[in-house]
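Quick notes on the structure that follows.
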Amino acid sequence: MSRVVAPIQLGCCHEEERCRLCPPAPPWPTADYVRALIANTRAQRGTDDVVTAFFGGRPPDDAQLAASSGRTIAARVRPDLLTRAAADRLREHGVGEIELDVLTFDTRVLRGIRRRYPGERVVTMATELRAQGFQVGLVLAVGLPGSDHEQCVEDARIATGLADTVRIHPTLVLDRSGLKQAHMDGMYAPLTIAQAVTTCRAMLDVLEPAGVRVIRVGQQPGPDGLGTAVAGPRHSSLRELVEARRTLDRLRDLLRNEGVQGDVVIRCASADETRTRGPLNDNVRTLRAEFGLRELTIRPDPELGRGAFVVEEAS
């Protein structure tokens with residue numbers, strides 16, 4: 001049975017002056033809470049092979065790490081709250097990956113959301129962590145106030161030389177955050193889902209060819225889904241929208257090269273059927289209209305590997 005991860009949410013901004021993105025932080029989890037969550041995860045998943053990952057602003061404390069019985073694999077921290085001593089302490093507890101909640105390398109944008117670290121510091125920090133043997137993850141955001149598409153793509157380019165993994169989080173307007181007030185005052189307009197898909201796709205096209213593993217696109221829903229978000233590109237399967245867009249462009253190229261007409265069949269791996277069809281069959285409708293096809297049938301083929309497509313005229 002594969003290893004199961006128990007996520008421990010620490011919250012980001014526990015300081016009195018929060019950044020503009022964060023609502024008030026939840027209570028700091030106790031060691032007893034950590035032990036209980038791990039035990040509950042074991043019971044629900046039916047395995048003792050449970051490891052922990054801490055997600056927050058400041059690093060987990062010794063009591064929390066001890067409660068995970070030396071089975072913590074990763075910790076997400078804010079760059080301004082990670083010291084060399086804290087990194088050494090995490091290593092002593094067996095943590096192998098540190099994920100930096102950098103958001104962007106643009107210092108001007110960071111200051112605008114009240115994050116207290118310059119982009120250059122994150123570059124230095126990530127380089128040093130890798131030299132110390134840590135796997136380095138980065139969280140990058142799209143749609144931050146003062147940012148734009150080009151800046152997000154530049155963030156991805158910088159990350160290719162620093163990160164083993166990246167998460168791409170579109171900026172959501174959370175209830176009780178400073179960003180909510182700016183949105184209500186008309187001072188901040190979040191991205192639409194279509195805009196988020198365009199920018200996330202461009203970042204993936206930079207990161208993945210460079211060997212960086214993008215482990216998530218979109219915010220992780222909580223128990224109430226994305227219910228605390230009052231505005232922004234909320235979607236529980238944003239990556240599938242991005243992959244559908246990428247697939248649509250690949251199919252356009254294939255249809256142009258094959259020169260097929262009339263009734264057309266596209267065979268794909270079974271696991272790729274959803275993204276080949278697109279959301280609500282949108283890719284099928286788009287290709288039929290663009291290429292003047294009478295019919296376009298998507299046919300799963302278990303013999304094909306993921307990402308492979310065969311275009312043929314229907315017999």
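Annotations for the structure displayed:
- Checked against (1) surrounded by 14 or more Cβ atoms within 10 Å (Cβ to Cβ); (2) more than 23 Å from residue 107 (Cβ to Cβ), residue 175 passes all but condition (1).
Here is a yes/no grid of residues against (1) over 28 Å from residue 130 (Cβ atoms); (2) of a type in the set (S, T, N, Q); (3) at pLDDT 95 or above; (4) touching a Leu at 6+ places or on another chain (Cβ under 8 Å):
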residue: 3; (1), (2), (3), (4): no, no, no, no
residue: 45; (1), (2), (3), (4): yes, no, no, no
residue: 57; (1), (2), (3), (4): no, no, no, yes
residue: 68; (1), (2), (3), (4): no, yes, no, no
residue: 80; (1), (2), (3), (4): no, no, no, no
residue: 102; (1), (2), (3), (4): no, no, yes, yes
residue: 106; (1), (2), (3), (4): no, no, yes, no
residue: 110; (1), (2), (3), (4): no, no, yes, yes
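- Among the criteria (1) touching a residue at least 24 places away in the same chain (Cβ under 8 Å); (2) not in a strand (DSSP E or B), the one residue 284 does not fulfil is (1).
Yes/no matrix, rows are residues, columns are (1) among the polar types (S, T, N, Q); (2) more than 24 Å from residue 109 (Cα to Cα); (3) assigned to a helix (DSSP H, G or I):
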position: 152; (1), (2), (3): no, no, yes
position: 155; (1), (2), (3): no, no, yes
position: 158; (1), (2), (3): no, no, yes
position: 200; (1), (2), (3): no, no, yes
position: 203; (1), (2), (3): no, no, yes
position: 230; (1), (2), (3): no, no, no
position: 236; (1), (2), (3): yes, yes, no
position: 239; (1), (2), (3): no, yes, yes
position: 242; (1), (2), (3): no, yes, yes
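- Of all residue pairs spaced 6 or more apart or on separate chains, those with beta-carbon atoms under 7 Å, a first member in the range 68-91 that is at positive phi and a second member that is of a type in the set (Gly, Ala, Ser) and surrounded by fewer than 17 Cβ atoms within 10 Å (Cβ to Cβ) are 70/94.
- Note on the range 160-198: residues that are within 28 Å of residue 26 (Cα to Cα), of a type in the set (Val, Ile, Thr) and part of a loop (DSSP other than H, G, I, E, B) amount to 1.
- Filter result for residue 41 (under 24 Å from residue 163 (Cα atoms) and either in contact with a His (Cβ under 9 Å, 6 or more places away or on another chain) or not in a loop (DSSP other than H, G, I, E, B) (or both)): no
The values are calculated or read from the model by the stated rules, or taken from the named source; none is laboratory data. What you see is a predicted model; the values in this text were computed from it and never measured. Virtual Cβ from ideal backbone geometry, glycine too; neighbours counted across all protein chains shown.
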